[in-house]
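For reference, the structure is listed below as structure tokens.
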Amino acid sequence: MTIPKNPQNIQNLFDTIALKYDFMNNIISLGLQKEVKSKAIRLLDIKPTGEILDACCGTGDLGIIIKSNFPDTKITGIDFSSKMLEIAKNKNSNINFVFGDITKTLFSSGYFDTITMAFGLRNIPDKEKALKELYRILKINGEFLHLDFGKKNVFNLIFDKFTPLFAKIFCKNPEPYKYLINSKKDFPSPDELIKFFETFGFKLKTRRDFVFGAISAQVFVKI
């Protein structure tokens, strides 16, 4: 599916797939997606009562995982898909899920101790603006977790092969999943991302690859 990558089109796409999003994620990740997210969260030095932002939160999985392990944290999830947020709010009422654009938020500078983002940056047309905003609202010495696809190995090939098939079986409109496959093909590699993020003032703290490198997590510190 070829669509102009502008905010309105991306917003409409995620609204369209929201109802089946969690179900499809479990199918196409072979049930591994929550385990990978849980392991990625463990890379963070989370303050028990810290302020945490889950950027491009979708249906809220990362925030929910953190809340289950650190119940006294104050978590905000932000996304510009209202349909995704409806599902997130139904899954956990103890997280503050808000509608918004991560490239231009109303949060104060240096507000958050921790920021997470999973499989979101590649869907943002203006990545530079998003990273500048994330840097602004993160505290000095605060941590930023980025999680997305990594090496283009056999597991990525399996994902690309079977995702359209599963989408045809389980979704009324499988076209958005063609976009999701294409969105990762031109996305920078983890090594390229690290260099890119560090141009905005982030400093790599640690990196961990999962599923033989098919998924990669990077934790940065604001310096």
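Order these by the 10 Å Cβ neighbour count, fewest first: 171, 56. Don't jump to the answer; show the numbers that get you there.
Working: 171 17, 56 23.
The most exposed by this proxy come first: 171, 56.
If you fit an axis through the alpha-carbon atoms of helix 175-185 and take the longest principal axis of the Cα set of the chain, what angle between them do you get, 0 to 90°, nearest 10?
The helix 175-185 is inclined about 60 degrees to the chain.
Where Lys and Arg each count +1 and Asp and Glu each count -1, what net charge lies around residue 190 among other residues with Cβ under 9 Å from its Cβ? Could you put the intermediate results ahead of the total?
Numbers: positive: 151, 207; negative: 148, 191, 192, 209.
Within the 9 Å Cβ shell, the charges total -2.
Rounded to the nearest 20 Debye, what is the dipole magnitude of the chain about its Cα centre when Lys and Arg each give +1 and Asp and Glu each give -1 at the C-beta?
Numbers: 33 positive and 24 negative charges, 58 e Å.
Computed about the Cα centre, the dipole is about 280 debye.
At a Cα cut-off below 14 Å, give the aspartates and glutamates reachable from residue 205, other chains included and same-chain residues fewer than 8 away excluded.
45, 143, 191
If we count other beta carbons within 10 Å of each Cβ, what is the order of 124, 140, fewest first? The partial results should precede the final answer.
Values: 124 21, 140 8.
Going from least to most buried by this count: 140, 124.
Using Cα springs under 10 Å in a Gaussian network model of the chain, which residue among 25, 90, 141 shows the largest mean-square fluctuation?
Judging by the Gaussian network model, the answer is 90.
Cα-Cα over 29 Å: which of 104/222; 67/195; 178/203; 47/184; 74/152? Don't skip to the answer; put the middle values down first.
Numbers: 104/222 19 Å; 67/195 31 Å; 178/203 34 Å; 47/184 32 Å; 74/152 36 Å.
In this structure, 67/195; 178/203; 47/184; 74/152 lie more than 29 Å apart at Cα.
Let me know the whole percent of all Cα-Cα pairs from the chain that are separated by more than 32 Å. Can you show the working numbers first?
Working: 2748 of 24753 pairs.
Roughly 11 percent, rounded to a whole number.
Considering Cα pairs under 8 angstrom that are at least six residues apart, work out the relative contact order of the chain and quote it in whole percent. Write out the running numbers ahead of the final one.
Details: 387 pairs, mean separation 47.4, N = 223.
Reported relative contact order: 21 percent.
Give me the angle, in degrees from 0 to 90, between the Cα long axis of helix 154-170 and the longest principal axis of the Cα atoms of the chain, rounded to the nearest 10.
70
For the chain, modelled as a GNM with alpha-carbon contacts under 10 angstrom, which of 29, 81, 93 fluctuates the most?
Answer for the Gaussian network model of the chain: 93.
Below 8 Å, C-alpha to C-alpha, sequence gap of six or more: please give me the relative contact order for segment 1-121 in percent. Don't jump to the answer; show the numbers that get you there.
Numbers: 172 pairs, mean separation 33.8, N = 121.
It comes to 28 percent, rounded to a whole number.
Angle between the Cα long axis of helix 82-91 and the longest principal axis of the chain, 0 to 90 degrees, nearest 10?
Tilt relative to the chain: about 70 degrees.
Under a Cβ-Cβ cut-off of 13 Å, what is the net charge of the residues other than residue 141 that fall near it, where Lys and Arg count +1 and Asp and Glu count -1?
On the way: positive: 47, 139, 203, 205, 222; negative: 45, 113, 143.
Here the count lands on +2.
Pop out the ³J(HN,Hα) list for segment 38-48 in order, Karplus 6.51 cos²θ - 1.76 cosθ + 1.60 with θ = phi - 60°, rounded to Hz; leave Gly and Pro as x.
Along segment 38-48, the couplings run 4, 5, 5, 4, 5, 6, 8, 9, 7, 6, x Hz.
If Lys and Arg each add +1 and Asp and Glu each add -1, what is the summed charge of the other residues whose beta carbon sits under 10 Å from the beta carbon of residue 117?
Working: positive: none; negative: 54, 148.
Overall, the nearby charge balance is -2.
Highest GNM mean-square fluctuation, the chain, Cα pairs closer than 10 Å: which of 163, 199, 114?
Residue with maximal mean-square fluctuation among 163, 199, 114: 199.
Placing +1 on the Cβ of each Lys and Arg and -1 on the Cβ of each Asp and Glu in the chain, which of 212, 62, 118 has its Cα farthest towards the positive end of the resulting dipole?
212
The numbers here are math on the coordinates, done by the rules we state, and not lab data. Because the structure is a prediction, the values reported are computed rather than measured. Methodologically, a virtual Cβ is constructed for each residue, glycine included, from the backbone with ideal geometry; neighbour enumeration extends over all protein chains shown.
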